[in-house]
Amino acid sequence: MTRPPIVVVLGHVDHGKSSLLEAIREDFKITSKESGGITQHIGAYQAEYQGKQTTFIDTPGHEAFSAMRSRGAKIADIAILVVAADDGVQQQTKEAISVIQEAGIPMIVAVNKIDKPGADEEKVKRELSQNNVFVESFGGNVPCVNTSATTKQGIPGLLEMTLLVADLAHLTSDPSKHAKGVVIETSLDSRRGNSATLLVKDGTLRVGDIVGTRNAWGRAKMLQNFQGESIQEALPSTPVLMVGFEEHPRIGEEFQVFENEDSARAFLSPTIEKEGAKASLEPTTNFLNIVLKADVAGSVEVLQYMLSVLPQEKIALRIVDSGIGEVGEGDVRLAQGTNARVLGFRTKVNAQALGLAQRENIPLETFDVMYDLIQRVREVMEKSQESRFVRKDIGNLRVLAMFLREKDRQIIGGRVLEGEIQKGSNVDVMRNGEIVGQGRLLNLQKNKNDVDHALKGDECGLLFVGSIQVEVGDILQFHILAPDTI
């Protein structure tokens, strides 16, 4: 049977992607209730036009779509490229074009904000042709529709064009088969546990089915549609929230239904690595540490991917810790101990964390747009390069005793082996000749008195904050960042 098309909407950050989808929701009886969690962040909606359904994926940007595609899954059937008529082709537009062309899916151009002063659709078309996108009126084969999310101009025409392109693609499926599809979001609910937004590409997904990916499996305890309503089954091209995963699946992973739990477990990859997690801990002359918090696991994973592909020839980027939920005091203390910045995406900062960051002058920023967070990291990295600070090793210490262990704070006893150690310096934790973690020396004592430094042969106590649990016998290497005098 023919299945509904799955459409991804891409374009520059402020050219009206979300506004267009909002206009479609308003005019075609689509609600965007947040109760099911499925319309958040990587939104999935279904619209009905001329008696036919269309599924829309609203990603936070082409970077997120590219991150999902990096695992080889075919997410969408059609892409709508949104370009503002009063702004034209921008850098993100060009990047979105590349992503769509690499995906090998049909493109429809929506020239949006056609009602704005200064709107020039012909200029947009010329700029598109300069980027190898030739619309039909310019002798090409790419459909182009003028739209306005404000006045609703062109919205029916855009939906009609989408259905026409879908008809030409001959999209088919077999609802009688076990479901297969793609994970487009994951989240953790304190009441319901691990859940994931799944996009069924073929077959039918039912409550009670055993669902597995290469990274996780679980039994479908509950299914909800994009409006947050409980359903018993999801047909092809349907986005659905599934509760019941044992672990978080990864966004962009393909899922399938298995006959039993043993088959699902056997399908798991034997070597599951956390992609884009903590960066290499090899020594470097200049680096930027980040503590990353986001609203849902899918957002964390996309951000990790996007940060990992930033140029790092002159300054290395290290994610010392990442997680979901609000930014707490522990996150700020970890940033203090590792000389890191705290970055939050679509998440809150609790009062204790905010107060600590302000008192201790710890950089803490939150963002609602992924592109803005990535651009901020770019700016900080560029500024760090200009500062030309280099690493200066000052001494090391052998750990002799452990007096206190907390989540990210430890009180350690040790003897300085060479050089000197200084209060406030950065620390590499060495174990069996390899760096296994990092931290910072917050306080230093000799003979129960606070001191600023300790020399070779001194025995001392340290307040260490870091991302690793230190063990007796570890060697702590201390270093500072000093101005490059070359």
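The values are calculated or read from the model by the stated rules, or taken from the named source; none is laboratory data. What you see is a predicted model; the values in this text were computed from it and never measured. Please note: Cβ atoms are built from the backbone with ideal geometry, for glycine as well, and neighbour counts cover all protein chains shown. Ligands, DNA and RNA are excluded from the accessible area calculation, which covers all protein heavy atoms including side chains. Shrake-Rupley method; radii C 1.70, N 1.55, O 1.52, S 1.80 Å.
Of note:
- Among (1) open to solvent by 60 Å² or more (accessible area, probe 1.4 Å); (2) more than 30 Å from G212 (Cβ to Cβ) - the single one H170 does not satisfy: (2)
- When restricted to residues that are aliphatic (A, V, I, L, M), surrounded by 22 or more Cβ atoms within 10 Å (Cβ to Cβ) and part of a strand (DSSP E or B), the stretch 466-478 contains 1.
- Residues in the stretch 164-220 that are of a type in the set (D, E) and outside any loop (DSSP other than H, G, I, E, B): D167, E185, D189, D202.
- The stretch 117-140 residues that are without any contact (Cβ under 8 Å) to a residue 12 or more places away in the chain and of a type in the set (G, A, S), paired with ones that are assigned to a loop (DSSP other than H, G, I, E, B) and open to solvent by 80 Å² or more (accessible area, probe 1.4 Å) (beta carbon under 6 Å, 6 or more apart): G140/F134
- Residues (touching a residue at least 60 places away in the same chain (Cβ under 8 Å) and among the hydrophobic types (A, V, I, L, M, F, W, C)) located in the stretch 300-333: V302, L303, M306, L307, L310, I315, L317, V320, I324
- Any chance I38 is open to solvent by less than 10 Å² (accessible area, probe 1.4 Å), at pLDDT below 90 and outside any loop (DSSP other than H, G, I, E, B): no
- The criterion of at least 1 residues that are over 30 Å from V302 (Cβ atoms) and open to solvent by 10 Å² or more (accessible area, probe 1.4 Å) is met, among strands (runs of 3 or more DSSP E) falling completely within the stretch 339-438, by 389-405, 409-422, 426-431.
- Some residue of the stretch 395-418 being farther than 18 Å from R341 by Cβ, of a type outside the set (A, V, I, L, M) and in contact with a Phe, Trp or Tyr (Cβ under 6 Å, 6 or more places away or on another chain): yes
- Any chance E95 is without any contact (Cβ under 8 Å) to a residue 24 or more places away in the chain and on the phi < 0 side of the Ramachandran plot: no
- Filter result (within 23 Å of A340 (Cα to Cα), open to solvent by 10 Å² or more (accessible area, probe 1.4 Å) and modelled with pLDDT of 90 or more) within the stretch 439-465: H453, L463
- Candidate set: the stretch 110-141, residues that are in a strand (DSSP E or B) and touching a Leu at 6+ places or on another chain (Cβ under 8 Å); chosen: the one nearest to A96 (Cα to Cα): A110
- Meets criteria (farther than 30 Å from H12 by Cβ and in a strand (DSSP E or B)) for V332: no
- The set of residues in the stretch 109-139 that are in contact with a Ser or Thr (Cβ under 7 Å, 6 or more places away or on another chain), open to solvent by 30 Å² or more (accessible area, probe 1.4 Å) and closer than 16 Å to D14 by Cα comprises K113, I114, D115.
- Exclusive hit being open to solvent by less than 70 Å² (accessible area, probe 1.4 Å) and farther than 20 Å from V296 by Cβ, set F226, F245, F267: F267
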